[in-house]
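Report on the following structure.
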Amino acid sequence: MPQDVRFDLPFETPVSEHLEYARERHLRWVRERELVRSEAGFEEYRSWDLPQAAARTYPHASADDMVVLMNWFSLAFLFDDQFDASRPDRADRIAEVARELIATPLRPAGSRPRVVCPITLAWTEVWERLSDGMSLTWRSRFAASWGRFLASHCEEVDLAARGQAGTLGLDTYTAFRRRTVGIHHSIDAAERSRRFEVPAQAMAHPLMERMRDLAADTIGFMNDIHSFERELRRGDGHNLIAVLRRERGGSWRTAADEAYRLTTECLDEYLRLESEVPRMCDALGLDEDERARVRMGVEAIQHWINGNYEWALTTGRYAAAKEGPVATAESAGRGSVDDLLAV
């Protein structure tokens, strides 16, 4: 339990044929950009196997684009782990770096960051590649989703710094988790991975908006279940199982079972809405090319739900037992061995 928890998903995820090619280049890039600064940090990062996650969620990307996507993954995951519960003053530095990460897509590509540290320098490089060839509409949509994710991360850090990480009720937490899981911009990136864009009128339709929200809820809740033991070790109260146990009482097992039920409810609603996509296309009067791009947008959501799930079952990031510097850091409330916010 809980990393072993299985879900019955009705679609399969292809895996990129470029996984090994991109993995080698990505791990070298992570070292060169000082996104890991110690051998213990590198070994822990390698155990996460983020290249597998990228290869499953963006299976149609070219070999070189797969490297870019893996590099981007590393920034989001490593930044997420920079809070140190023993140093609440660090929340100010996290907010400063987050503002820089939010601003980068709003500046001309290639602009040097104003706040300099390994993560901001790497993100400037990655964004220049990630945004290449995409429309202003897509770049603006991605930037908005990315900004909401980073702002909510700062909210999460602020709550933890004030000792209020375990105070959110279920309804508030559900809305909060939808932002912190970062799925909206991750689905947006799938368009870049296949060099297409979902038609704007379909993207703005309430059906598509609800499907994306439900995908975020499903993936966020699955992640909460699979990462529960790691977060319990860190004393992190931002987890669906912890929220349910605090709000409803009972055992951890009962809370985990309820978390599973809520997750499958989200997935079932998503699948029901997915079946209505052809009617949405009819109502919008989309032509064949536009319908094909909508179908690829739906596939992108499927790849994320199932690809992230398959990765979560085996990643070392969610391992129940750890030792050495990693265990020491996590027991002290840190998610990372290395400090990536300093120059």
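Per-structure values
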item: Sulfur and carbon atoms: percent of accessible area, the chain [1.4 Å]; result: 49
item: Residue-count net charge about residue 19 - beta-carbon cut-off 11 Å; Lys, Arg +1, Asp, Glu -1; result: -2
item: Length-normalised contact order of the range 178-244 in % [C-alpha pairs under 8 Å, at least 6 apart]; result: 33
item: Added length on full extension, which subtracts the Cα-Cα distance from 0.36 nm per residue, residue 247 to residue 128; result: 38.4 nm
item: Contact order normalised by residue count of the chain, Cα under 8 Å, 6+ apart, percent; result: 30
item: Simple label model, 7 Å out from Cα along Cβ direction - residue 343 to residue 164, nm; result: 3.4
item: Å² per residue, accessible surface of the range 1-111 at 1.4 Å; result: 44
item: Inter-label distance, nm, simple model (7 Å from Cα along the C-beta direction), residue 287/residue 261; result: 5.0
item: Residue-wise HN-Hα coupling along the range 100-113, computed from phi with Karplus coefficients 6.51, -1.76, 1.60 (Hz; x: Gly, Pro); result: 5, 5, 5, 6, 3, x, 8, 9, x, 4, x, 4, 6, x
item: Karplus (6.51, -1.76, 1.60) ³J(HN,Hα), θ = phi - 60°, over the range 143-152, in Hz, Gly and Pro reported as x; result: 4, 5, 5, 4, x, 5, 4, 5, 5, 5
item: Solvent-accessible area per residue, Å², over the range 149-247 with all protein chains present [probe radius 1.4 Å]; result: 32
item: Taking the range 89-247 and dividing mean pair separation by its residue count, relative contact order in percent (alpha carbons under 8 Å, at least six apart); result: 24
item: For the range 127-132, 3J(HN,Hα) per residue [Karplus equation, 6.51 cos²θ - 1.76 cosθ + 1.60, θ = phi - 60°, Hz, x = Gly/Pro]; result: 4, 4, 7, 5, 8, 4
item: Label point distance in nm, residue 210-residue 269, each placed 7 Å from Cα along Cα→Cβ; result: 0.8
item: FRET efficiency, 1/(1 + (r/R0)^6) with R0 30 Å, evaluated for residue 46 and residue 298 via beta carbons; result: 0.35
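The values are calculated or read from the model by the stated rules, or taken from the named source; none is laboratory data. None of the values given here were measured: they were computed from a predicted structure. Every residue, glycine among them, receives a Cβ derived from its backbone with ideal geometry; neighbour counts consider all protein chains shown. With ligands, DNA and RNA removed, areas are computed over all heavy atoms of the protein, side chains included. Shrake-Rupley method; radii C 1.70, N 1.55, O 1.52, S 1.80 Å.
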